[in-house]
Structure formats: structure tokens, C-alpha cells
Amino acid sequence: MPAPRTAALCSAFLFCYMLSVTAAAQPAAGEWQAYDEALTSGARQATLWRYGWGGVYAASLANNLYQASEADDQDDRFDGRVGAVKSALALGGVITDPQPHPAAHRRLEALAEQGDREALNDARELMRATAAEERARHAWQARLDSLVVNTLGGLAIGVGDDRPRDGLVNFATGMLVGELQIWTQPTQAGAALNRFQPATLSLGDNRLDYQYAWVLTPSQVGVNIRY
């Protein structure tokens, strides 16, 4: 075999070996850090989301109950009763259906203490499950409950109390608030998974499928690779 060809093959094998070593070590640290940062931020936002929206709906419930019993105008009292039902349902939803990120973060911390390859695979599955729930919470199906409640509330005012314009305003306002509630939910798990992009390295008949993610920080510029 000619010397240049032998040297080229040796260089290729050496490159593959170095890539394998780097891909085995660097992503382990990079992935754990990326997942921990994502779920730490997600858990923080989830807590703010729960107590923030819980406070909004609790205040709205209290105000509507007051209006329902103390307002001078009959229309305001009727609107207060409708609003109280809507606020109570929304508050119950926030309390009984918490975001997945706090529990996922606690699970990730337990997996990180193990730190082996199996734990990393479990962490990846945990991130995929959390990201899937994030997508479900932003999908159109997540808007059905709000659509039903606000439609009934708008009809109660617009048709039941013969005030079509006020019913339309009630419906539109409720849908807007529901949309804001959806879009302020955390999405960090999906963002962390999307950092890694698929790629393929081919050397002759050898093919290596891997994923890479750029790392850009004030103190580090590089790339994480996993396979």
C-alpha cells in the first residue's frame, strides 16, 4: 500500500477515535448542564406562572363575587355572577394542573447524582417527555376549555340577559386572557432539545450519525457533540 494512502487512512482512524472520545465526554457534561439550566429556568417560570395567574384569578373571583352581590346596577350584578364562575374555574385549573418543570427538575437532579450513561439516557427521555407536555399545553386542544367556558359566558350575557354587545366583549376578553395564560407557560425543555441538530460524518464506507450544538458563552465558544 502506498505510503500516502496509509498515512491518510491512519489520519482518518485517528480523527474518528478523537471524535469518539470527545463525543463521549464533552456531551455528557454539556448535556447535563443544558438540561439543568433549562429545567431550573423552567421550574422558576412555572412557579411564577402558577402563583401569578393564581393571584390574578383569585383577585378576579373576589371582585366578581363583590360585584355580584353589591353592585348597584343589575347588569353589573349579572356580569359579576358570570365572571365569578369563570374565575373559579380558571383558578381551579391553575391549582390542579401544575406545570411539569418543578417535578422534572427534581428528577433530573436525582439522575445527575448517578451521572452514568444510563442516567443520561433517562435524562434525555425526561426532557423529551417534558417537551411533549409543553407542546400539548400550547396546542389548539389546550384552548378548548377556554373556548367552551367563554362561549357559555358570552351566551349567558348576550342571549340570556339580552345584551349581545356585552356578551361579545365578555367572550373576547376571556379568550384573550386565556391566550396570554397559554403563551406565558414555560417552554425551556423543548428549547434545550432543539439546540442539538442532527448531522452525519462519512469516511469512505464508514458513517457516524451524531448531533451537535453550538456553545456560545462569555467564557467559551465551542460545539458539543453526542451520538
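For the stretch 6-25, the count of residues that are part of a helix (DSSP H, G or I), at pLDDT below 95, surrounded by 13 or more Cβ atoms within 10 Å (Cβ to Cβ) and in contact with a helix residue (DSSP H, G or I) (Cβ under 8 Å, 6 or more places away or on another chain) is zero. Taking the condition surrounded by 19 or more Cβ atoms within 10 Å (Cβ to Cβ) and either at pLDDT below 95 or outside any helix (DSSP H, G or I) (or both), does Y35 pass? The answer is yes for Y35. The number of residues in the stretch 86-104 being open to solvent by less than 50 Å² (accessible area, probe 1.4 Å) and among the hydroxyl-bearing types (S, T, Y) comes to 1.
In the stretch 53-75, which residues are assigned to a helix (DSSP H, G or I) and surrounded by 14 or more Cβ atoms within 10 Å (Cβ to Cβ)?
Filtering the stretch 53-75 down to residues assigned to a helix (DSSP H, G or I) leaves 53-70, 74-75.
W53, G54, V56, Y57, A58, S60, L61, N63, N64, L65, Q67, A68 - these are the residues of the stretch 53-75 that are assigned to a helix (DSSP H, G or I) and surrounded by 14 or more Cβ atoms within 10 Å (Cβ to Cβ).
Taking residues in the stretch 33-49 that are free of Cβ contacts under 8 Å to residues at least 12 places away in the same chain and small (G, A, S), and partners anywhere that are surrounded by fewer than 15 Cβ atoms within 10 Å (Cβ to Cβ) and part of a helix (DSSP H, G or I), not one pair has Cβ atoms closer than 8 Å while being at least 6 places apart or on different chains. Taken together, R107, R81, R50 contain a single residue that is part of a helix (DSSP H, G or I), over 25 Å from V177 (Cα atoms), at pLDDT 95 or above and open to solvent by 70 Å² or more (accessible area, probe 1.4 Å), which is R107.
Answer yes or no: is there a residue in the stretch 113-125 that is open to solvent by less than 40 Å² (accessible area, probe 1.4 Å) and more than 21 Å from T187 (Cβ to Cβ). Yes; the residues of the stretch 113-125 include at least one that is open to solvent by less than 40 Å² (accessible area, probe 1.4 Å) and more than 21 Å from T187 (Cβ to Cβ).
The values are calculated or read from the model by the stated rules, or taken from the named source; none is laboratory data. Values in this document were obtained by computation on a predicted structure and should not be read as measured data. Neighbour counts run over all protein chains shown; Cβ positions are idealised from the backbone, glycine included. Accessible surface areas use protein heavy atoms only, side chains included; no ligands, DNA or RNA. Shrake-Rupley method; radii C 1.70, N 1.55, O 1.52, S 1.80 Å.
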